[in-house]
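S.K.: Structure incoming, see below.
No value in this document is a laboratory result; all are computed from the given coordinates. Here the structure is a predicted model, which is why all the values come from computation and not from measurement. Cβ atoms come from the backbone with ideal geometry, glycine included; neighbour counts cover every protein chain shown.
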Amino acid sequence: MNTTHKHETSGPSPLAFPSSAVIKRNRVEYKKNTRIFTQGDASKHVLYIQQGGVRLSVVNEVGKEAVIALLGPGDFFGEGCMSGLPFRMSTATAIIGTSVLIIDKCEMIRALRAEHSFSDRFISYMLSRNIRVEEDLIDQLFNSTERRLARTLLLLASYGKQGHPQKTLPKISQETLAGMIGTTRPRVNVFMNKFRKMGFINYKNTIRINNSLLNAVLHD
């Protein structure tokens, strides 16, 4: 596995990891397309993204894969172990070079009880993510494929998060986008070309999001 391990015991970490928290964790760096964990692996750790991006996907019994989330800096994942799940329910893959903090389940439980700033941040994150899951379900049930794609691009650009959204997204395949919104790659291709012609995005080797895409979604 293409990883680099660095052990940390305390102190500040980038991207809003609570600087006052004294939490034992390992920092691991993954190269692009490296699997962090695989569906069915033992579930023993909670993970936190410092830099980079992670794709979560699931495979059904006939081998069909679906992308369920793309995560970025500041996101936790693998928290299912906290609820007693013995195995990973999804596969996590680095979509670009990615730095992750890995926190043992027992250490996570201790930190949530003893480190109040860390506990507050984790609870806030989980509440926000529950809202996001509900919004995603509503999006799948009631919105058109075109609108779901536009919303997904905006979420990937971190619109709605604190600070300024990124304008240029890491390279992401149309297959991945199709898996996220529940459609086919050819349909994604049609809509991406439409967005480009309308000036919502600049799309070649990378995807650059223009503010007009947000306006189009809000006023559709």
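S.K.: Using every pair of alpha-carbon atoms in the stretch 13-150, split the distances into 5 Å bins beginning at 0 and state the percent of pairs per bin, rounded to integers.
M.R.: Spelled out bin by bin, the stretch 13-150 gives 2, 9, 17, 22, 21, 16, 8, 4, 2, 0 percent.
S.K.: Would you pull out the residues with amide H under 5 Å of PHE37's amide H, same chain only if 5 or more places away, H placed 1.01 Å from N?
M.R.: The list, which skips near neighbours in sequence, is ALA92.
S.K.: Explain nothing, just compute: Karplus ³J(HN,Hα) = 6.51 cos²θ - 1.76 cosθ + 1.60, θ = phi - 60°, for every residue of the stretch 176-188 in order, whole Hz, x for Gly and Pro.
M.R.: My calculation for the stretch 176-188 gives 5, 4, 4, x, 6, 9, x, 9, 9, 4, x, 5, 4 Hz in order.
S.K.: Can you work out the Karplus-derived ³J(HN,Hα) for every residue in the stretch 195-202? Use 6.51 cos²θ - 1.76 cosθ + 1.60 with θ = phi - 60°, whole Hz, and x for glycine or proline.
M.R.: With the stated coefficients, the stretch 195-202 comes to 4, 5, 5, 7, x, 6, 9, 10 Hz.
S.K.: Got a sec? Which residues in the stretch 74-94 would a label at GLU65 touch, if it sits 7 Å along Cα→Cβ and we count backbone N under 13 Å?
M.R.: Those under the cut-off are 91-94.
S.K.: Report the charge-dipole magnitude of the stretch 51-164 in Debye, nearest 20, computed about the Cα centre from +1 at each Lys and Arg Cβ and -1 at each Asp and Glu Cβ.
M.R.: Dipole of the stretch 51-164, to the nearest 20 debye: 100 debye.
S.K.: Less than 19 Å apart at the alpha-carbon level, and either on another chain or at least 8 residues along: which lysines does that give for LYS44?
M.R.: Result set, ordered by chain and number: LYS6, LYS24, LYS105.
S.K.: Also, quick follow-up: List the residues whose amide H sits under 5 Å from the amide H of ILE68, counting only those 5 or more places along or on another chain, with H placed 1.01 Å from N in the peptide plane.
M.R.: Under 5 Å from the amide H of ILE68 lie the amide H atoms of LEU56, SER57, VAL58, each far enough along the sequence or on another chain.
S.K.: Please list, ordered by chain and number, the residues whose modelled amide H lies under 5 Å from the amide H of SER43; skip anything fewer than 5 residues away on the same chain.
M.R.: Under 5 Å from the amide H of SER43: PHE87, ARG88.
S.K.: Can you tell me the FRET efficiency between ARG129 and LEU85 if r is taken as the Cβ-Cβ distance and R0 is 22 Å, rounded to the nearest 0.05?
M.R.: 0.85
S.K.: So what J values fall out for the stretch 101-107 if you push phi through Karplus, 6.51 cos²θ - 1.76 cosθ + 1.60 with θ = phi - 60°, rounded to Hz, Gly and Pro as x?
M.R.: Along the stretch 101-107, the couplings run 8, 10, 10, 4, 3, 5, 5 Hz.
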